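Every read-out reported here was derived from the displayed coordinates using simple, explicitly stated rules and does not represent laboratory data. Just so we're clear, the structure is a prediction, and the values are computed from it rather than from any experiment. Glycine also receives a Cβ, built like all others from the backbone with ideal geometry; neighbour counts cover every protein chain displayed.
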Amino acid sequence: MKIILSLFFVLLHSVLSYAYNQFSFVKYQVENGLSHNTVWYTIQDHQGFMWFGTSDGLNRFDGKNFKIFRHIPKDSTSLGNNIVRTIFEDERQNLWVGTNRGIYIFNSQQE
């Protein structure tokens, strides 16, 4: 009986180990188009875009490409700072972006 029980646990461990190893991750970083490797916040919006707040701007990812939104010194409609600490989408589908210099609402109509 001990042998059967031992074989059962060995088999169970093997099956669980195999299933556990089926996970894989894809690494995205600056070399793949991300603006900075330090990511402070992540959110998925109502359209399915992934948004990443980094130490160098707001990044929108469509599953293939990144689009980066940064502070532009002479543009009052750009982010006030490139360090994006938080992102929130409200019930009206506005994207609120928190930086070290304040809170901004992203206007996708003017993109």
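Can you name the condition, by its number, that Gly63 falls short on among (1) closer than 26 Å to Asn32 by Cα; (2) more than 18 Å from the chain's Cα centre (by Cα)?
(2)
Tally the residues that are touching a strand residue (DSSP E or B) at 6+ places or on another chain (Cβ under 6 Å) and within 15 Å of Phe106 (Cβ to Cβ), restricting the search to region 55-78.
9
Which residue out of Gln47, Gln93 is touching a residue at least 40 places away in the same chain (Cβ under 8 Å) and either in a loop (DSSP other than H, G, I, E, B) or under 14 Å from the mean Cα position of the chain (by Cα) (or both)? Quick ask: steps written out before the conclusion?
Details: Gln47 fails: touching a residue at least 40 places away in the same chain (Cβ under 8 Å).
Of Gln47, Gln93, the one residue that is touching a residue at least 40 places away in the same chain (Cβ under 8 Å) and either in a loop (DSSP other than H, G, I, E, B) or under 14 Å from the mean Cα position of the chain (by Cα) (or both) is Gln93.
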